[in-house]
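Each reported figure results from applying straightforward, stated rules to the coordinates on display, with no laboratory input. These numbers come from a predicted model, not from an experiment. Positions of Cβ are backbone-derived with ideal geometry, glycine not excepted, and every protein chain shown enters the neighbour counts.
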Amino acid sequence: MNLSLSSETFVNNQHQNSAQISLRHVSKVFPGRKGFLNNITGQATSDYVALEDINLDIEHNTFVCIIGPSGCGKSTLLNIIGGLSSASSGSVTMNGQAIEQPGPDRGMVFQNYALMPWMTVEGNIRFAVETVYPKLSAIERKRVVKEHIQLVGLTGAESKRPHEISGGMKQRVGIARALAINPQILLMDEPFGALDALTRGFLQDEIERIWEQERKTAIMITHSIEEALLLSDRIIMMTKGPAAKIDEILDVPFPRPRDRIQVEKHPAYLGLKQEMEDHLYRETRAVEEARLGN
Amino acid sequence: MTVVEKRSIQGKEKPKFVLNENLQALVLFLVSLVIFLLFWELGAKFKLFAKGFPTASLTIQELWYWVTHPFYNNGPNDLGIGWNLLVSLRRVAIGYTIASLIAVPLGILIGIYPVAAKAFNPYFQLLKPVSPLAWLPLGLYLFRDSEVTGIFIIAIASIWPTLINTAFGVAGVSQEYLDVAKTLGASRLRTIFKVIIPAALPNIISGLRISMGISWLVIVAAEMLLGTGLGYFIWNEWNNLYIPNIIVAIFIIGVVGIVLDQIFAYLEKLVSFGKKA
C-alpha cells in the first residue's frame, strides 16, 4: 500500500523550513455570551471550541484537500489561513511571516461564488485586478483580464452579468477572479458544493487542467472523496467538532497530469477511497450520536 | 384531477375564446369603469347623492377643458392647472432633492457604523411617525415665507424613508461581498464606493421611491394652506363651491403620482440585477 501516515510525515516536516504555510498549535474558540445580564435572562452560552491544537505544514506547489464531517471547522481553518478570521491561540505563518489579515497573496474562491451582481463577468475580474494592481496600465489590465477569461473558458460571456449565467459559469468567474490577482496560494471553500453532479465533474476536470498550468499551492475544502482523490497531493482528514483536530493526512501518489479514468485504475485508489470512507463514516456517526446524546 | 380535466376540455372546445390574463383584466377594468360612470351619471341626475353633485359627463367635460387649456393666466385665483402643477412639482423637486442629498450620505454613514445607528435611532423613531403638517406652523414661524415653508415640509417629510432604507441597505450588505473586498486588500474608501453603495443601491432606490410618494401626498395638503399649486387649486375651487374641478384635480394628482412612481419603479428594475425588486 502506498499510504503514508500523517503523524510520521508531520514529524519529518516539522524541522524543515520548506513549508509555505505553517500552522502551530492553532486553536479557535468562539466566545459564548457571558455577563450578569445574560446570566439572569438565561441567554448565557458557553464558549465553543471549534478547532483545537491544529498543526499543519503545506509545501509549495501542492494541492491539499481538507475533508471532514460537516460542522468540523473546515471553513474556520480556511478562513484563518485566508486571514478573514484569526486564531485564538497558536501561530499561523506564510513564508515565515505571521498571517494577521487577508491579502492578495491568497486568492479566495467562495462556495456561493460571491460575485458582485452589478458587475459583468469581465467587471468582476477587472475589479479584483484593479484593486490589487492599481498602477497597472489599462492595456496590461485588459490583457490580464482577457487571459483569465480564456483560462477558465468564458470567452464570449464577458459582458454578461452573474444572474444571466449558470452556477458552473459563475464559479469559473470566481476561479478566474481569484487567479487573476496572481496569488501565491489559492483557497477554495467547497467551490463546487452548490453545483449539480455533472457540472461538478466538469469543473473538477477544469480545475485539474488549470492547476497543471499554474501549479499554485491550493487548499480546497470538499465533501467529496472522489474530488479529493482526483485533485489533491495530500488529503487532510479532520475529526468532528467541537474541538476538531487533524485525524490523519493521506498522501495521494497518482501521477500528474491526472485523468479521472486513469486515477480510478491506479492500484492505490481503492485503498485510499476505503480509508477515507471509513473515516468519514466514523466521524459522521459520532456527530449523529453526539446530537442524540444531547 | 378535475381541474386538469376541465382545462383540457375548455382548451379543446373553444380555444378561440380563451383570453390571456392581461386581456381578461383589461376587459374587467373597462366593464367596471362603464358601470361606475353610469352609476355616477344616473345617481347625480336623479339626485341620489348630495345636492348639486356634478354628473360624470360634466366632470369629464371640465377635465377635457383643463387638459386642453393648461397654461392660461387670469390672475392668482384663475390660473391654468398646468401652472399650478408646475408650482407643485417645483416645490417637490427642491424639497425632495434637499432631503435626498442629506438622507443618502447620512444613511450610508449610519449604516456603516452600527454605533451611529444605535445612537441616532431615537431621533428617527420619534420623528418618523409625526405628520408632516405638524411642522407647518413651525416652518411658517421659522422662515416667515410660505414658499420656503412648503419646501421645508416636503424635505422633512421625505427624508425618513430614504434615510432609514439607505442605512438598512448599507448595514445589510452581504458579508460575502465584504469578504471579497477584504481578501483583495481593498481600501475602506474603495470598498464603500465600489462594493457597499452598489450593493445597497436597490434599498436606496426603494427608499427614494417611498419618499417621492410621501412628498407628493404631502405637497397637496400643505398647499391648501400656502397659496399656490395644485393643493391651493382644490382649496380655491372649494371656496368657489365648484365640485367638478375638485374631482378633475384629484384625477390629475393621481395621474402625476403614477408617473412619478413609475419613474422610480423603472430605476428599481435597473439596479435589481436578477433579484426581484
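The table for this structure:
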item: Scattering curve values for segment B:215-274, log₁₀ I(q)/I(0), Debye with Cα scatterers, q = 0.15, 0.22 Å⁻¹; result: -0.52, -0.83
item: Likely footprinting exposure, A:Tyr281, A:Tyr133, A:Tyr113, fewest C-beta neighbours within 10 Å first; result: A:Tyr281, A:Tyr133, A:Tyr113
item: Packing rank of B:142-154, A:230-242, where each peptide gets the mean count of other beta carbons within 10 Å, highest leading; result: A:230-242, B:142-154
item: Charge dipole of segment B:81-270 about the Cα centre (unit charges at C-beta), most positive-ward option of B:Gly257, B:Ser131, B:Thr191; result: B:Thr191
item: Listed residues A:Gly96, A:Gly73, A:Gly42, most fluctuating in chain A (Gaussian network, C-alpha, under 10 Å); result: A:Gly42
item: Neighbouring partner chain Cβ atoms per residue of B:175-181, average, 10 Å criterion; result: 6
item: Cβ-based exposure ranking for B:Ile210, B:Ile196, in which fewest neighbours within 10 Å come first; result: B:Ile210, B:Ile196
item: Inter-site label distance for B:Val31 and A:Asn39 at 7 Å from Cα along Cβ, in nm; result: 7.2 nm
item: Rh by Kirkwood over Cα pairs, then Stokes-Einstein D for segment B:81-270 at 1.002 mPa s and 20 °C, µm²/s; result: 119 µm²/s
item: Three-way shape call for the protein assembly as shown based on the alpha-carbon gyration tensor, with the a/c threshold at 1.5; result: prolate
item: Inter-chain Cβ neighbour average for residues A:103-115, partner chain, 10 Å; result: 3
item: Cα-based reach from A:Lys74 at 18 Å (exclusive), listing lysines while leaving out same-chain residues under 8 positions away; result: A:Lys28, A:Lys240, A:Lys245
item: Against the rule of thumb 2.2 N^0.38 Å, how large the Cα Rg of segment A:171-266 comes out; result: 1.11
item: Hz values of 3J(HN,Hα) by residue in segment B:41-58 - Karplus curve (6.51, -1.76, 1.60), Gly and Pro given as x; result: 4, 5, x, 5, 5, 8, 6, 6, 8, 4, 5, x, 5, x, 7, 4, 5, 4
item: Helical mean residue ellipticity (222 nm; -39500 (n - 2.57) per DSSP H run of 4+; nearest 500) of the protein assembly as shown; result: -19000 deg cm²/dmol
item: Alpha carbon convex hull of segment B:190-245, projected area averaged over orientations, nm²; result: 5.4 nm²
item: Where labels lie 7 Å past Cα in the beta-carbon direction, separation of A:Ala197 and B:Ile94 in nm; result: 6.9 nm
item: Alpha-carbon centroids, segment A:162-234 and segment B:244-277: separation in whole Å; result: 46 Å
item: Residue exposure sequence - A:Met220, A:Met94 - by fewest surrounding Cβ within 10 Å; result: A:Met94, A:Met220
item: Percent of beta bridges antiparallel (DSSP, segment A:145-294, rounded to nearest 5); result: 50 percent
item: Partner chain coverage, peptide A:116-128 - average Cβ within 10 angstrom; result: 4
item: Among B:Phe29, B:Phe46, B:Phe71, residue whose mean-square fluctuation peaks in a GNM of chain B (springs only between Cα atoms under 10 Å); result: B:Phe29
item: Listed peptides B:257-267, B:218-228 by packing density, highest first (mean Cβ within 10 Å); result: B:218-228, B:257-267
item: Most fluctuating residue given options B:Leu48, B:Leu136, B:Leu89, as computed from a GNM of chain B linking Cα atoms under 10 Å; result: B:Leu48
